[in-house]
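J.: Once you've had a glance at the structure underneath, I'll fire off some questions.
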Amino acid sequence: MSQPKTDFSLFIDIVALPDGQNIQQFFSKIQHQSWSMLLDSANSTAGRYHIMLWQPETLITAKDGKVWVEKPALNEKTESALTPLACVDEMMQQRFSQQADNCNKPELYKALPFVVGAAGICGYDLGRYYEQLPDNNKYSYKCPDMAIGLFTQSLIADTHTNTVYHCRLSQHAVLAEQSVWLASSTQKDVFKLTSGWSSNLTQTEYTAALEQIHRFIVAGDCYQINMAQRFKAAYTGCEWQAYTALTEANNTPFSAFIRLPESCILSISPERFISVNNGKVQTKPIKGTRPRFSNAEQDAKSAAQLQSAEKDRAENLMIVDLLRNDLSKHCQPFSVKVPHLFALESYKAVHHLVSTVEGQLNVGASPLDLLAGAFPGGSITGAPKIRAMEIIEQLEPDRRNVYCGSIMYYGIKRDMDSSITIRTLLAEDNHLYCWAGGGIVLDSEAVSEYQETLDKVSRILPALEQLS
């Protein structure tokens, strides 16, 4: 007896959120729910769409060297023999292979990003599943190395048209009829820090680490190392309140809020890692930072100094070369180009030096192959990458976890976008972790490099202190 065909119909509806709310306000109704996610362009000039996700059908996680696939509705959890991102790819193919040709609004299906598919966090230490790396530091976090959900519905807000779209498979009711909103919590404990911030490196220890990096460079081990310090503080209350304070103080195109069962991720990243759209690949590494100033003349001088800084341009160029190599693993021969080199991008807290590398994805290659082949991003490791990661493990006293990983989506149209999770906080067990780092080369000066790490968190740590 033949099995009945599964209905794979996809619907895209234009919706009005209640009481004139924007998508961030609407998301606050369910921000407390495990596996709720907001990929937030923060109304920045570089971003257009906000994507809100909840109640994934399948969960793919990686931790302690193992990959797990969980289907909560079926109470199933199995270990996968595949590498983490290959497992995500396989689950996507199984679930959405028949999806693309059956939509009520084909023109919107073509125009919107993501629609439905996979999204979540790939932590820096996901690189350990692809490369042999030393294991010097203890893993003290509850957050997995990867946490990806397969989402069968989304809300997408277009900031250019102020239109909100509900994208859903036919199994889901229209938005207003879903019981998830009826069960939403309105009670939120006030967020406040209950301790000051402390770093895992003193300035003396940071300086000693830079001296060691200089010795590695002189010995020929590496050309550049991204060295970071981690800040830590205790807190109580609602992490969503902290996130909204951060987005008010910063205006960055790759902001995101992710609630996991034992952790919460608050990201206000300005940096794209890799995007793929219709086979066109793009990455935009950041190397070079200067602080912003309220005085226009002083601010312009800071930007001009960055654009003319030989050291920062050299750092940027090293990483551009590294990423050209990484993209070439899964891009068509001779397609990898650099259309923009050393462009200035300015945000509320800092000016950045940003380059753009583009290519064309190989026929038959998956965007997740590309992501795995370039992971973690060269802009936050160093060159050459594997040796740089070995040195990072030696010199940084704690694992990075979410820091310098990537928050990503991979939609049913094989479109992908991903960030580098700089300016990103991890909240768990009533403690916040926040990192800041910079690229170290032979002529780096410890005092200025240490100050650069402080500049990078200058709109993060004080913004949360003001809530206390």
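J.: Any idea how many residues of the range 193-251 are closer than 15 Å to LEU442 by Cα and hydrophobic (A, V, I, L, M, F, W, C)?
T.: Final tally of qualifying residues: 11.
J.: Got at least one residue in the range 87-97 being out of contact with any strand residue (DSSP E or B) (no Cβ under 6 Å at 6 or more places or on another chain) and at pLDDT 95 or above?
T.: yes
J.: Okay, next question. Are any residues in the range 282-308 in contact with a Pro (Cβ under 8 Å, 6 or more places away or on another chain) and either over 21 Å from THR252 (Cβ atoms) or among the hydrophobic types (A, V, I, L, M, F, W, C) (or both), and if so, which ones?
T.: Scanning the range 282-308 gives a single hit, ILE286.
J.: Scan LEU201, LEU246 and give me the residue that is buried (at least 20 other Cβ atoms within 10 Å of the Cβ), under 18 Å from GLN24 (Cα atoms) and of a type outside the set (Phe, Trp, Tyr).
T.: LEU246
J.: Can I ask one more? State whether the residues of the range 222-234 include one that is closer than 19 Å to SER28 by Cβ, out of contact with any Pro (no Cβ under 8 Å at 6 or more places or on another chain), crowded, with 21+ Cβ neighbours inside 10 Å and not hydrophobic (A, V, I, L, M, F, W, C).
T.: Within the range 222-234, none of the residues are closer than 19 Å to SER28 by Cβ, out of contact with any Pro (no Cβ under 8 Å at 6 or more places or on another chain), crowded, with 21+ Cβ neighbours inside 10 Å and not hydrophobic (A, V, I, L, M, F, W, C).
J.: Given the criteria part of a strand (DSSP E or B) and touching an Asp or Glu at 6+ places or on another chain (Cβ under 9 Å), does PHE257 qualify?
T.: yes
J.: Are there any pairs, at least 6 apart or on different chains, whose C-beta atoms fall under 6 Å, with the first in the range 104-117 and in contact (Cβ under 8 Å) with a residue 40 or more places away in the chain and the second among the hydroxyl-bearing types (Ser, Thr, Tyr) and assigned to a loop (DSSP other than H, G, I, E, B), and if so, which?
T.: VAL116/THR152
J.: Something else now. Take LEU327 and tell me if it is part of a strand (DSSP E or B) and either crowded, with 18+ Cβ neighbours inside 10 Å or aromatic (Phe, Trp, Tyr) (or both).
T.: It is false that LEU327 is part of a strand (DSSP E or B) and either crowded, with 18+ Cβ neighbours inside 10 Å or aromatic (Phe, Trp, Tyr) (or both).
J.: Any residue in the range 367-389 that is within 17 Å of TYR129 (Cα to Cα) and touching a residue at least 40 places away in the same chain (Cβ under 8 Å) sitting within a Cβ distance under 7 Å of a residue that is basic (Lys, Arg) and assigned to a strand (DSSP E or B)? List the pairs, counting only those 6 or more apart or interchain.
T.: Once the first residue is within 17 Å of TYR129 (Cα to Cα) and touching a residue at least 40 places away in the same chain (Cβ under 8 Å) and sits in the range 367-389, no partner that is basic (Lys, Arg) and assigned to a strand (DSSP E or B) comes close enough.
J.: Has the range 372-391 got any residue that is within 18 Å of LYS287 (Cβ to Cβ), crowded, with 24+ Cβ neighbours inside 10 Å and out of contact with any helix residue (DSSP H, G or I) (no Cβ under 8 Å at 6 or more places or on another chain)?
T.: yes
J.: Go through the residues of the range 167-175 one by one and say whether even a single one is modelled with pLDDT of 95 or more and surrounded by fewer than 16 Cβ atoms within 10 Å (Cβ to Cβ).
T.: Looking for residues that are modelled with pLDDT of 95 or more and surrounded by fewer than 16 Cβ atoms within 10 Å (Cβ to Cβ), one finds none in the range 167-175, hence no.
J.: In addition: Of all residues being of a type in the set (Gly, Ala, Ser) and surrounded by fewer than 17 Cβ atoms within 10 Å (Cβ to Cβ) in the range 61-85, which is nearest to ALA374 (Cα to Cα)? Just the residue, please.
T.: GLY65
J.: Would you please name the residue that is surrounded by the fewest Cβ atoms within 10 Å (Cβ to Cβ), looking only at residues in the range 205-221 that are in a helix (DSSP H, G or I) and hydrophobic (A, V, I, L, M, F, W, C)?
T.: Selected residue: VAL218.
J.: Shifting gears a bit: Restricted to the range 423-463, and to residues that are in a loop (DSSP other than H, G, I, E, B) and among the charged types (D, E, K, R), which residue is surrounded by the most Cβ atoms within 10 Å (Cβ to Cβ)?
T.: Only one residue tops the list, namely ARG423.
J.: Could you list, in sequence order, the residues of the range 34-63 that are in contact with a Phe, Trp or Tyr (Cβ under 8 Å, 6 or more places away or on another chain), modelled with pLDDT of 95 or more and not in a strand (DSSP E or B)?
T.: TRP35, SER36, TRP54, GLN55, PRO56, GLU57
J.: A follow-up question, please. Among the residues of the range 135-181, which ones are more than 24 Å from GLU70 (Cβ to Cβ), among the hydroxyl-bearing types (Ser, Thr, Tyr) and in a strand (DSSP E or B)?
T.: Hits for the range 135-181 are THR163, TYR165.
J.: Of everything in the range 15-60, what is within 16 Å of the chain's Cα centre (by Cα) and surrounded by 22 or more Cβ atoms within 10 Å (Cβ to Cβ)? Give them in sequence order.
T.: SER36, MET37, LEU38, LEU39, ASP40, ALA42, HIS50, ILE51, MET52, LEU53
J.: In addition: May I ask you to say which residue of SER269, SER275 is of a type in the set (Gly, Ala, Ser), closer than 30 Å to CYS238 by Cα and buried (at least 17 other Cβ atoms within 10 Å of the Cβ)?
T.: Going through SER269, SER275 in turn, the sole match is SER269.
The values are calculated or read from the model by the stated rules, or taken from the named source; none is laboratory data. The model shown is predicted, which means the values in this text are computed figures rather than measured ones. Positions of Cβ are generated from backbone atoms using ideal geometry, with glycine treated the same way; all protein chains shown enter the neighbour counts.
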